[in-house]
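Just below is one structure, and these are the notes that go with it.
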Amino acid sequence: KRKPQDDEEPAPVDPKLLVRFTGAAGDLSFAELKEKLGDVAPVKYVEYTKGEDAGIVRFAEPVADAVLEKTAEGVQLSDTVTLKLEAVDDEAASGFFERARAAAANSRGGRRPGGSRGHGHRGKRGRR
């Protein structure tokens with residue numbers, strides 16, 4: 001197993017992995033967003049709160065420029081919803097990656113390394 005180190009260098013911030021979308025009014029699900037945007041390029045993560053109008057998509061590869069060219073008219077989710085895509089600036093990209101790092105650290109925080117499966121019945125089963 002690989003153990004994370006405190007002095008480990010964080011992954012570089014690459015704004016070409018990210019695209020901001022707007023026009024997501026309504027109750028869109030993560031699955032709908034990921035599926036439709038995944039038709040354009042492989043999606044790794046969608047940062048979106050239900051009911052909000054905007055969010056950020058992180059693609060698996062740095063394809064933001066190609067995605068923006070391909071979807072100049074937007075991405076049609078339904079008859080009434082079309083997402084407009086735009087580039088993410090460096091400041092927004094830094095904020096996104098910082099939130100992602102914090103979320104990853106919090107998700108690992110409460111677990112003990114190595115884990116324990118308990119001590120069973122310590123040989124007391126079956127005695128009469």
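Nothing in this text is a laboratory measurement; each read-out follows from the coordinates by a stated rule. Fair warning: this is a prediction, and the values are worked out from it, not measured in the lab. Note that each Cβ is placed from the backbone with ideal geometry, even for glycine, and that neighbours are counted across all protein chains shown.
Ordering of 64-70, 82-88 by packing is 82-88, 64-70, highest average first (other Cβ atoms within 10 Å, averaged per residue).
Restricting segment 26-66 to trypsin sites (Lys or Arg not before Pro) that sit in a DSSP loop and have at most 16 other Cβ atoms within 10 Å of their own Cβ leaves K50.
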